[in-house]
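Report on the following structure.
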Amino acid sequence: QVQLVESGGGLVQAGGSLRLSCAASGIIFSISDMGWYRQASGKQRELVAQSAAETAGGRTNYVDSVKGRFTISRDNLKNTVYLQMNSLKPEDTAVYYCNLRNYNGVEAWGQGTQVTVSS
């Protein structure tokens, strides 16, 4: 059974930083595509950052609103994906979810972690 466990959310002032972590188990992490999504109160869930498996090119991409501030990275030996968030803005306030997809049709979601940025 695939499981994703998130950590690192919290309350931070505008301009501060947080690092989210998502640890995967029960699957070969290195051949999986990983992503971070977020959902603000009353809004639809949106894709924030993606990290493709090395076999798919190892590319990363970001939604325009976080480019230059957020960085997605992965440690295949630790089966963990990270989202480093710098220069946080109140507009970044949301529940953040990690997502895993592989080429055998497996998909999994983390439980979500709350990020709140105060003015």
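The values are calculated or read from the model by the stated rules, or taken from the named source; none is laboratory data. In this text, all values refer to a predicted model and were calculated from it rather than measured experimentally. Backbone-built Cβ (ideal geometry, glycine too); neighbour counts: all protein chains shown. Please note that ligands, DNA and RNA were not included when accessible areas were found on the heavy atoms of the full protein model with its side chains. Shrake-Rupley method; radii C 1.70, N 1.55, O 1.52, S 1.80 Å.
Observations on the model:
- Of the two radii for segment 55-119, the radius of gyration is 0.99 times the Kirkwood radius, both from the alpha carbons; that is the Rg over Rh value.
- A DSSP coil position with no more than 13 other Cβ atoms inside 10 Å describes the following trypsin sites (Lys or Arg not before Pro) in segment 72-118: Lys78.
- Heavy-atom accessible area, probed at 1.4 angstrom with all protein chains present, ranks Glu6, Glu91, Glu46 as Glu91, Glu46, Glu6, highest first.
- Semi-axis lengths (Å, descending) of the ellipsoid that matches the C-alpha gyration tensor of segment 1-90: 23, 15, 13
- A cut-off of 5 Å between modelled amide H atoms, ignoring neighbours fewer than 5 places along the same chain, links Asn61 with Gln50.
- Taking every protein chain into account, the accessible area of segment 45-119 amounts to 53 square angstrom per residue (probe 1.4 Å).
- Put Leu77, Leu11, Leu83, Leu18 in order of accessible area, highest first, and with a 1.4 Å probe you get Leu77, Leu11, Leu18, Leu83.
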